[in-house]
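The values are calculated or read from the model by the stated rules, or taken from the named source; none is laboratory data. Note that this is a predicted model, so its numbers are computed, not measured. Cβ: placed from backbone, ideal geometry, glycine included. Neighbour counts: every protein chain shown. Please note that ligands, DNA and RNA were not included when accessible areas were found on the heavy atoms of the full protein model with its side chains. Shrake-Rupley method; radii C 1.70, N 1.55, O 1.52, S 1.80 Å.
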Amino acid sequence: MPFRDEANCEASSNWNVKDAGSRHAGKDEGTLETMTRRAPHGVYLAIFALACLVAFIGPERTRADSAAMGETTTRDLKFETVIEGRKIPDYIRSLLEQTITLGKDGVPPPLSVGQLRRRAIEDEDLLEKVLRSEAYYKGRISSSLREGAGGTFEVVYTVRMGPRTMIDSFDIVYEDKPEDMATLPATGAALGLKKGLAAKAQRIIDLTDDAMRYLENNGHPGTSLIKRDVIVDMAADLAHVTLHIKAGPRLVFGPMLVQNPDGRTKDDYVRSFATFKAGDAYSKAQSEETVSALRGAGLFDSVTMSSGDVTNGDELPQNVTLKESKPRSIRLGTRWASDTGFGVTGSWEHRNLWGEGEDLLFGSIISQTEQSLSANFKKPRFRQDNQTLLAGFEIAREKSDAYDENRVKVSAALSRQETKKLALSAGLSFELTRTADERGNNHYQLFGLPLVARYDGSNDLFDPTSGMRASLAATPYLGRSNEKASAFGKLEGIASGYWSFGERPDVTLALRGRLGSILARETDEVPGSTRFYAGGGGSIRGYAYQSVGPLDSSNDPVGGRSVFETNAEIRYRATETIGVVAFVDAGDSYSASLPSFSSPLQVGAGLGLRYYTPIGPVRLDVGVPVNPRDGIDDAFQLYVSLGQSF
């Protein structure tokens, strides 16, 4: 026995199904909402109106009406709802439980057993609409009351699932017969529909959306849905779906017109962000990708793109309207840790120097352990859209328990974004360094060739809750050390992963590992700041900065040629702004080029507090050494900074 669904595009929320002979004959089988996983909004509006009426006339009037019908009313009618039936899938049971209106907040409670029965019968229709939305067209719901001990009632909804209706055919008819109709999808198979799938309402809606999206991304921006027919063969439990679509004329991208009043960005540079070329078939997705790329450039406060009037028969010009951000900014920051003390950071940045996204950044650090000045230049889209030219200069002085160091360094590199998650870079550096430590004064003149691969599949730069990160860096060095020829190489790999749990989810497990090696004959061949150290807020918390590893006779760190670290955190976000963390860190650095693991790792543990801000969490961690070294390690260390520890 066939059902017919005729969905009009002008009122696409209507999903009218008429049964020619079942017990639902002549009834509206539900709107589009009832074919999804929710009860119809109209039912809730009716319930809301009923609640208002009851509140207006008062409970006495309602009880009086029930008494007039011969019913006994009570203020405390106790009941619970139960769903029974064979082979009910868990997700169907959950949908049914969500749809039942009896006992829900905001719904006036029944005041008599008679009202309870009528409400249960009203719920039957809602629950059957849920079954039909999940392709159980022959599914039936019946309700009954069971009286339990103490006058408590059970409202039992008995579910008979019946066979599931499968999609037998999904056809697309183009009423205006566009010139490229032969290349457009004609069946659901072209949209990824596989045989043997249930005729769920949401699946049919999604396939309809896929068809419209395909047309919008393949030269038909003016496409529209005329109607959708869904015919269900009740005898065969099969559904036949037909979409009637007006595709509209096939159009191509026209010229990209830039409107940037009072802006300094060059029009050709703006056009370089386009993911399409004039003459390509129009694609809404490519238009949106272009807007997203321009917003990601960091040069504009607002970016909009709209289509102009068709020209030359089939060309659709694209109008880009921009509002540029202010080109200069000043930043100030502070940091503090119990092992390194207080520090101040500052920077001055000039963006879009010459109208093609160039960036110049001057920075400074003044702290108890470091004083430095730096300048960094960045030229995005250098010769290739995914390539960036980088140049840097640094003059710095460091004074720590491990070493005193003065250095001047210049560098240049090319960075290429191979994919959205993978970036590769190669460069050249030169440094003049003087390091003073327990071995004496060492002078270095070194060329470096840094090669770096970075993968970032995490969901947030400062507060990741899912995904993975990894980096691998290899730098060969060649030059002179204490007036002698020197050559060595540095390798370092770091990886971290994030997994979240809970309903929001509000619990995150974060893991990190670090492994490094310097291939050098002696540690003295390596400048102090290039050696490996462990301990501190970004390493092994509970231990002082750089204090884990080889020590001199005064128990000051001297740095190593290899390092191993592992970190684990459980992060719980209690509220939108407050979070707590429990962590365990372990690791060591070693004099040899490979970790020896001949002695136990130094382990730190502790608790942390997070205050979440729009730019990332403010971090406060307190760590204690689990296996402290006598006369070396303090009872605890305290760290304050911006962003998660890793």
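Summary of computed values
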item	result
Computed FRET value (nearest 0.05) for Arg117 with Asp206, which takes r as the C-beta separation and R₀ as 56 Å	0.90
Per-residue [θ]222 nm for the chain (sum of -39500 (n - 2.57) over DSSP H runs n ≥ 4, rounded to 500)	-4500 deg cm²/dmol
Anchor Lys104: lysines whose Cα lies under 23 Å away (excluding residues fewer than 8 positions away in-chain)	Lys78, Lys129
Solvent-accessible area per residue, Å², over region 140-208 with all protein chains present [probe radius 1.4 Å]	51
Placed amide H near Leu197: partners under 5 Å, 5+ positions off or other chain	Ile167
Inter-centroid distance (Cα atoms) of region 605-646 relative to region 160-232, Å	56
Spacing of the two label points (7 Å from each Cα toward its C-beta) at Asp456 and Lys138, in nm	5.7
Region 142-236, accessible surface, carbon-and-sulfur percent (1.4 angstrom probe)	51
At 1.567 mPa s and 4 °C, Stokes diffusion of the chain via Kirkwood alpha-carbon radius, µm² per second	41
Solvent exposure of region 285-357 as accessible area per residue, Å², 1.4 Å probe	55
Over region 582-646, relative contact order from alpha-carbon pairs under 8 Å, at least 6 apart, %	27
Cα-derived Rg to Rh of region 516-646, Kirkwood definition	1.03
Between helix 90-99 and the chain: long-axis angle, C-alpha atoms, 0 to 90°, nearest 10	70
Residue-normalised accessible area of region 363-491, given per residue in Å² at a 1.4 Å probe	56
Cβ-Cβ FRET estimate between Arg264 and Asp630, R0 fixed at 60 Å, reported to 0.05	0.45
Sulfur and carbon atoms: percent of accessible area, region 551-596 [1.4 Å]	59
Separation in nanometres of the label points that stand 7 Å from Cα toward Cβ, at Ala592 and Leu509	3.3
For region 225-335, convex hull of alpha carbons as volume per residue, Å³	191
Solvent-accessible area, 1.4 Å probe, carbon plus sulfur percent, for region 268-310	43
Distance between modelled label sites at Thr566 and Asp171, nm, 7 Å Cα→Cβ extension	6.3
